[in-house]
Amino acid sequence: MTGKNKDLCLYMQSLIPDHIFIQQLSHPLLEDKKIKLSIARLDLVHPVISGNKLFKLRYYLEEALKNKLSIRTFGGAYSNHLVATAYACAEAGISCTGIVRGERPAHLSHTLLHCIDYGMKLQFVSREEYTELSALEDMDAAAPEMHIPEGGFGFLGAKGAADILPLIQQNAPTYICCAVGTATTLSGLMMKRSENRFIAVPVLKDMYDITHRIEKLVGPVDHTGLTIWDDYHFGGYAKYNAVLLDFMNAFYTTHSIPLDFVYTAKMMFAVMDNIEKNYFKAGDNIVCLHTGGLQGNDSLKPGTLIF
């Protein structure tokens, strides 16, 4: 490894925090149910490579730097992963290409505009071609570029996400909740699980292969502590309605915490709904992961959100 690349790897390591701010919420419902609810503010670890993205990308970037590879990765028009990868590659001096699902629209999303601003080359492909390309396993070792699947879905992505768990276990949670897109973060958390119980909130409609995804990334794991709430996708990926947007504004008014409509808002809506429905018992300590992605809110009509 050259001195420059070594320095860049050290830079990536320096971005990984040694602690996470865990913000406890105060609400009459929580007091009534005698439940402790907190949010692990991964959205604060970096202004762009926020939330779980920094963790999932870490080992991919280190491998790319070590082997002097460019990066090719995948995502949709609202992919937080694409933005984070574009920024990280710009910082590291790595050339990168984003394969975008669907034909090029007349007007690019704010997400894709950010990608271009950070120097990522975008290649738009049909949904059929996207499915074929993104399904490829890691490219040949002799290839000049590193293939990072959508959302960092790979062992290296899960390995990075596993580093999140020790940072939140100081809070001794009985439940850890996270939104699920590719299940990479959830897979990483379950790699290092102890007595924790996990709640997954898929943000895609009809996402019934989560346990298969976990086993593909990290091998056989005990799923007895995993609960999946698959009724909170609000119509599918990046779909929303007035109910969700009103919830986001009310949540910010009460807790001063911004949520994104693609992931964290759906997760928190699910958690609050199930607290009200008495899913949890008195004394439970719930920690929810704020996985960042707030840039996705830029695609909403100005004035939709109060933050």
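The values are calculated or read from the model by the stated rules, or taken from the named source; none is laboratory data. Here the structure is a predicted model, which is why all the values come from computation and not from measurement. Cβ atoms come from the backbone with ideal geometry, glycine included; neighbour counts cover every protein chain shown. Surface accessibility is based on the protein's heavy atoms, side chains included, excluding ligands, DNA and RNA. Shrake-Rupley method; radii C 1.70, N 1.55, O 1.52, S 1.80 Å.
Just want the answer: with Cβ charges of +1 for Lys and Arg and -1 for Asp and Glu, which residue in THR73, LEU122, TYR87 is farthest toward the dipole's positive end in the range 47-128?
Value computed over the given set: THR73.
Using helices alone, I'd like the mean residue ellipticity at 222 nm for the chain: each DSSP H run of four-plus residues gives -39500 (n - 2.57), total over residue count, nearest 500.
Value at 222 nm, helices only, nearest 500: -11000 deg cm²/dmol.
Using only Cα positions of the range 185-242, each an equal point scatterer, no hydration layer, compute I(q)/I(0) via Debye at q = 0.31 Å⁻¹ and quote the log10 values to two decimals.
Treating every Cα as an identical point scatterer, log10 I(q)/I(0) equals -1.32.
Could you name the aspartates and glutamates in cross-link range of LYS56, using Cα to Cα under 12 Å and dropping any fewer than eight places away on the same chain?
Within reach: GLU150, ASP163.
In whole Å, what three semi-axes, largest first, describe the equivalent ellipsoid of the range 219-307 built from its Cα gyration tensor (square root of 5 times each eigenvalue)?
After diagonalising the Cα gyration tensor, the semi-axes are 25, 16, 12 Å.
Sum up the charges of everything whose Cβ sits under 10 Å from the Cβ of GLY51, counting Lys and Arg as +1 and Asp and Glu as -1, but leave GLY51 out.
So the environment of GLY51 carries a net charge of +1.
Report in % the part of the accessible area of the chain that belongs to carbon and sulfur, leaving out ligands and nucleic acids; probe 1.4 Å.
After summing per-atom areas, the C and S share lands at 51 percent.
Rounded to a whole number of µm²/s, how large is the Stokes-Einstein D of the range 166-274 at 25 °C and 0.890 mPa s, given Rh as the Kirkwood radius over C-alpha pairs?
168
State the percent of C-alpha pairs, over all pairs in the range 35-124, separated by a distance greater than 16 angstrom.
54
What does the charge add up to near GLN123, with Lys and Arg as +1, Asp and Glu as -1, over the other residues with Cβ less than 11 Å from its Cβ?
+3
Calculate how many DSSP beta bridges within the chain are antiparallel, expressed in % of all such bridges and rounded to the nearest 5.
Around 10 percent of the beta bridges assigned by DSSP in the chain are antiparallel ones.
Ranked highest first by average number of other Cβ atoms within 10 Å, how do 29-38, 237-246 line up?
Result, highest mean Cβ count within 10 Å first: 29-38, 237-246.
For every other residue with a beta carbon closer than 14 angstrom to the beta carbon of GLU103, add +1 if it is Lys or Arg and -1 if Asp or Glu, then tell me the sum.
Residues near GLU103 contribute +1 overall.
P(r) tail for the range 101-232, what percent of Cα pairs lie past 21 Å?
51
Using the scaling law 2.2 N^0.38 Å as the reference, what is the normalised Cα Rg of the chain?
This ratio for the chain stands at 0.97.
Take the residue pairs LYS53/LYS239; LYS34/LYS159; LYS277/LYS301; LYS121/LYS266; LYS159/LYS266 and return only those whose Cα atoms are more than 27 Å apart.
LYS34/LYS159; LYS277/LYS301; LYS121/LYS266
Can you tell me which of GLN170, GLN295, GLN23 moves the most in a GNM of the chain? Springs connect C-alpha atoms under 10 Å apart.
Most flexible of the set in this elastic network: GLN170.
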